[in-house]
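The next block holds one structure in the form of structure tokens; read it before the comments.
The values are calculated or read from the model by the stated rules, or taken from the named source; none is laboratory data. Fair warning: this is a prediction, and the values are worked out from it, not measured in the lab. Cβ atoms come from the backbone with ideal geometry, glycine included; neighbour counts cover every protein chain shown. Quick note on the areas: whole protein, heavy atoms, side chains included, nothing else; ligands and nucleic acids left out. Shrake-Rupley method; radii C 1.70, N 1.55, O 1.52, S 1.80 Å.
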Amino acid sequence: MKDEIHPQTLDSSEQPRNALDRLIYRFGNFISLLFIFTVGISFYEVLMRYLFNAPTIWVHETASFLGGCLFVYGGIYALSINKHVRVVLIYDLVSDTTRRWLNVFHHVMGLIFTSLLSWAAYQMVQDSWLTPFGDIRLETSGSAWDPVFPALVKGMIFMTLCIMFVQFFLHLVQELNGLRKRKDV
């Protein structure tokens, strides 16, 4: 009974579909170790603050930066292994062909969504990386430590959205090829 609930092997639909997805999946598994680092520095901050009464100025912003970047990366990671949000109540009841058409709709909507968000993110990056006269000056946090993390997070958001756009495009091509090759379509 337990094997039915938690199968030992992944469903083939939950495997990376192309070379980009495989790269994202492998890199995501590697950088997930940064969560351990984030916990470690947070633990260090608690020790320094409450045991030695010597709080740091860098831990909170570093942990927020790393957590934010990993969260943003999670979007392309989930898409790479087909673990994104889906209305399974409908999806599980329809035929394989209808699922493919639902996937095509999903990928087209994803292309529109990521292209619009990429444009907004580009504007955000431009404002946080350049002065009004075009000189490079990264936005900082404004704290006592004043790192450039806000500008870097915005750059990460833009880069991730661009990658997600490419992912949606590749997945759309794969779905359309799958539909074209099916005899009953």
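General remarks:
- When TYR44 is tested against the conditions (1) in contact with a helix residue (DSSP H, G or I) (Cβ under 6 Å, 6 or more places away or on another chain); (2) open to solvent by 30 Å² or more (accessible area, probe 1.4 Å), the lone failure is (1).
- Filter result for VAL72 (in a helix (DSSP H, G or I), modelled with pLDDT of 95 or more, more than 13 Å from the chain's Cα centre (by Cα) and surrounded by 12 or more Cβ atoms within 10 Å (Cβ to Cβ)): no
- Some residue of the stretch 126-142 being within 25 Å of GLN167 (Cα to Cα) and touching a residue at least 40 places away in the same chain (Cβ under 8 Å): no
- Scanning the stretch 47-69 for residues that are in a helix (DSSP H, G or I) and open to solvent by less than 90 Å² (accessible area, probe 1.4 Å) yields LEU47, MET48, VAL59, GLU61, THR62, ALA63, SER64, PHE65, LEU66, GLY67, GLY68, CYS69.
- All helices (runs of 4 or more DSSP H) inside the stretch 83-185 with 1 or more residues being under 23 Å from LEU66 (Cα atoms): 96-129, 149-181
- When residues of the stretch 99-129 are limited to those that are in contact with a helix residue (DSSP H, G or I) (Cβ under 6 Å, 6 or more places away or on another chain) and of a type in the set (Val, Ile, Thr), the one surrounded by the fewest Cβ atoms within 10 Å (Cβ to Cβ): VAL104
- Filter result for ASP92 (open to solvent by 90 Å² or more (accessible area, probe 1.4 Å) and either closer than 20 Å to VAL148 by Cα or of a type in the set (Ser, Thr, Tyr) (or both)): no
- Criterion violated by LEU161 - all others in (1) more than 19 Å from GLU61 (Cβ to Cβ); (2) in contact (Cβ under 8 Å) with a residue 60 or more places away in the chain; (3) out of contact with any Lys or Arg (no Cβ under 9 Å at 6 or more places or on another chain) satisfied: (2)
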